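Peer 1: First, the structure itself, so that you have it in front of you.
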Amino acid sequence: METHAPSLHMSLSTGFLSGSGIEEVSRKIADLPGLFADEPARARMAPDTLVYRVQAFQPVPDGTPGGLYWGTTVIQPGQVGDEYFMTKGHFHKLADRSEYYIAASGEGALILMDTERRARWEPMTPGSVHYIPGHTAHRVANTGREPLSFFACWPADAGHDYDTIARHGFSARLLCVDGRPALVEEK
Ligand code: PAN
Ligand code: ZN
């Protein structure tokens, strides 16, 4: 019987994906107006400062029921004011779709918010596995001094609703308070 080498490879230590069919997106400081509480501090930073990068392997068309996607996100260490570098965060467009995140390296926090706007967070350390239930907005912050990388697996028909978060934000922000992460409610 013939064997085929898989077309995708992932480093278990960094999450870096290589192979064919990988899509990449980078989010720089200039791409993230309004994301952080201290917008003047963001606007003063070098616009091409990298905040995070996503690599995604999407073997079936967007929206395929039953399909699964795989991706790696790497968030750089850094802060805007006293808020850690973080992802934009989203609900899924098909709101009941769930997702797994697995931390590969670095230190971080998974911030979750349900539809009643109740927020909580889970520490991310290498090997920690996080189940994100449906109807739950999710975002990750890098709370450490090294890049934070994590793997994600999500349904191909989940889609991303960024709009709700862009308009209303999360109800709490992960800030560096006395040198430690603290989830601080928005006033
Ligand atoms: C992840 C995220 C990734 C980047 O793959 O898309 O970490 O975060 P934002 O999409 O919020 O910018 C995922 O949750 N996919 O569903
Ligand atoms: Zn998601």
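Peer 1: Using just the C-alpha positions of the range 82-187 as equal point scatterers, what log10 of I(q)/I(0) does the Debye formula give at each q in 0.17, 0.24 1/Å?
Peer 2: Relative scattering, expressed as log10 I(q)/I(0), comes to -0.76, -1.40.
Peer 1: Something else: What residue among 123, 77, 47 has the largest mean-square fluctuation in a Gaussian network model of the chain, using Cα springs under 10 Å?
Peer 2: It is 47.
Peer 1: Going by amide H atoms built from the backbone, whose H comes under 5 Å of the H on residue 143, apart from near neighbours?
Peer 2: Residues meeting the amide H criterion: 107, 108, 109.
Peer 1: Local charge sum around residue 105 (other residues, Cβ-Cβ under 15 Å, Lys/Arg +1, Asp/Glu -1)?
Peer 2: On the way: positive: 53, 145; negative: 107, 146.
In short, 0.
Peer 1: Now, a different point. With the cut-off at 19 Å, report for the chain the share of all Cα pairs above it, as a whole percent. Please list the in-between numbers first.
Peer 2: Numbers: 10242 of 17391 pairs.
The answer is 59 percent, as a whole percent.
Peer 1: Please give the net charge around residue 128, taking every other residue with its beta carbon less than 12 angstrom from that of residue 128, where Lys and Arg add +1 and Asp and Glu add -1.
Peer 2: -2
Peer 1: With every protein chain present, what is the per residue accessible area of the range 8-185 (1.4 Å probe, Å²)?
Peer 2: Ligands and nucleic acids excluded, the result is 49 Å² per residue.
Peer 1: About the Cα centre, and with charges only on the beta carbon of Lys, Arg (+1) and Asp, Glu (-1), how big is the dipole of the chain? Nearest 20 debye, please. Present the calculation step by step, with values, prior to reporting the outcome.
Peer 2: Values: 17 positive and 23 negative charges, 64 e Å.
Around 300 debye, computed over the chain.
Peer 1: Applying the Karplus parametrisation 6.51 cos²θ - 1.76 cosθ + 1.60 with θ = phi - 60° to the phi angles of the range 39-46, what ³J(HN,Hα) value in whole Hz is obtained for each residue in order, glycine and proline being reported as x?
Peer 2: Per-residue couplings from phi come out as 4, x, 5, 4, 5, 7, 7, 4 Hz.
Peer 1: Tell me, how many Å apart are the Cα centres for the range 152-187 and for the range 1-41?
Peer 2: Centre-to-centre (Cα) distance: 19 Å.
Peer 1: Hey, another quick one. Can you give me the relative contact order of the chain as a percent, contacts being Cα pairs under 8 Å and 6 or more apart?
Peer 2: Values: 447 pairs, mean separation 43.3, N = 187.
RCO, the chain: 23 percent.
Peer 1: Distance between Cα centroids, the range 48-67 to the range 85-121: provide it in whole Å.
Peer 2: Centre-to-centre distance over Cα atoms comes out at 15 Å.
The values are calculated or read from the model by the stated rules, or taken from the named source; none is laboratory data. Quantities reported herein were computed from a predicted structural model and do not represent experimental measurements. When we count neighbours, we look across all protein chains shown, and the Cβ atoms used for this are built from the backbone with ideal geometry, even at glycine. We work out accessible area using only protein heavy atoms, side chains counted, and drop any ligands, DNA or RNA first. Shrake-Rupley method; radii C 1.70, N 1.55, O 1.52, S 1.80 Å.
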